[in-house]
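Here's the structure we're looking at; comments come further down.
Computed from the coordinates by the stated procedures, all read-outs in this text should not be read as laboratory data. From a predicted model like this one, the values you see are computed outputs, not experimental measurements. Using ideal geometry, Cβ is built from the backbone for each residue, glycine included, and neighbour counts are taken over all protein chains shown.
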Amino acid sequence: MVETAVTTNRARLSYEHLFRPYAHQPNQEPKYSVTILVPKTDAETKRRIDAAIAAATNAGVSKCWNGAKPPVLAVPVYDGDGVRPNGEHFGAECKGCWVFTASSKNAPQVVDLSLNPIINQSEVYSGCYARVNVNFFPYNSNGKRGIGCGLNAVQKLEDGEPLGGGISAAEAFGSFGAPAPMPAAPAQPVYNQVPPAEPYYGVDPITGMPYGG
């Protein structure tokens, strides 16, 4: 049996779309996805990822690529200290990490430490820490050959600083303290004021109940 599945150790999540499918481009099919940041100090997870990619590559030679490995094989794992495929640098959160994105047409299982399904979607976000189960597979599509990464399941481990550049309300407003009360407006002279009418009270002829105001 070809083993191409990997469960990471503690990793950080980024670009999280685990509960609703998302399309990065208008012409793309929406998928569930997440970018996974594995610290380079986690040699064990990297070793298992490399072994799974090697197994997927061997499967591709025999099943997808007509018996020959492509001279340039696209692999989905990147060095966060380097640059993206488009030449741009990775974000600061990727420094010191191996970076790869896993996706699936089907909703992945997302569970807590006790393996209970996470119902409150706000508990899982870009920046929290989790273990992720993925599988690597060969593809040959539209002239492109490489190794893809499928998303199977996510287990949240702990909270982390949210990614995305936002700040909390406490950070935004806490240093200002309570606002000072507005000064009372000065009294204005009133001319030709008409005194209010006297309240009128009567009896409803239908119900016999008093009314008025």
(request) May I ask you to order 87-93, 98-104, 60-66, 150-156 by the average number of other C-beta atoms within 10 Å around their residues, highest value first? (result) 98-104, 150-156, 60-66, 87-93
(request) If a/c stays under 1.5 just call it rounded; otherwise compare a/b with b/c (prolate if a/b is bigger, oblate if not). Do that for region 36-119, with a ≥ b ≥ c from the square roots of the Cα gyration tensor eigenvalues. (result) oblate
(message) For the pairs Lys69/Lys156; Lys31/Lys144; Lys69/Lys95, flag any whose C-alpha to C-alpha distance is greater than 29 Å.
(response) Lys69/Lys156; Lys69/Lys95
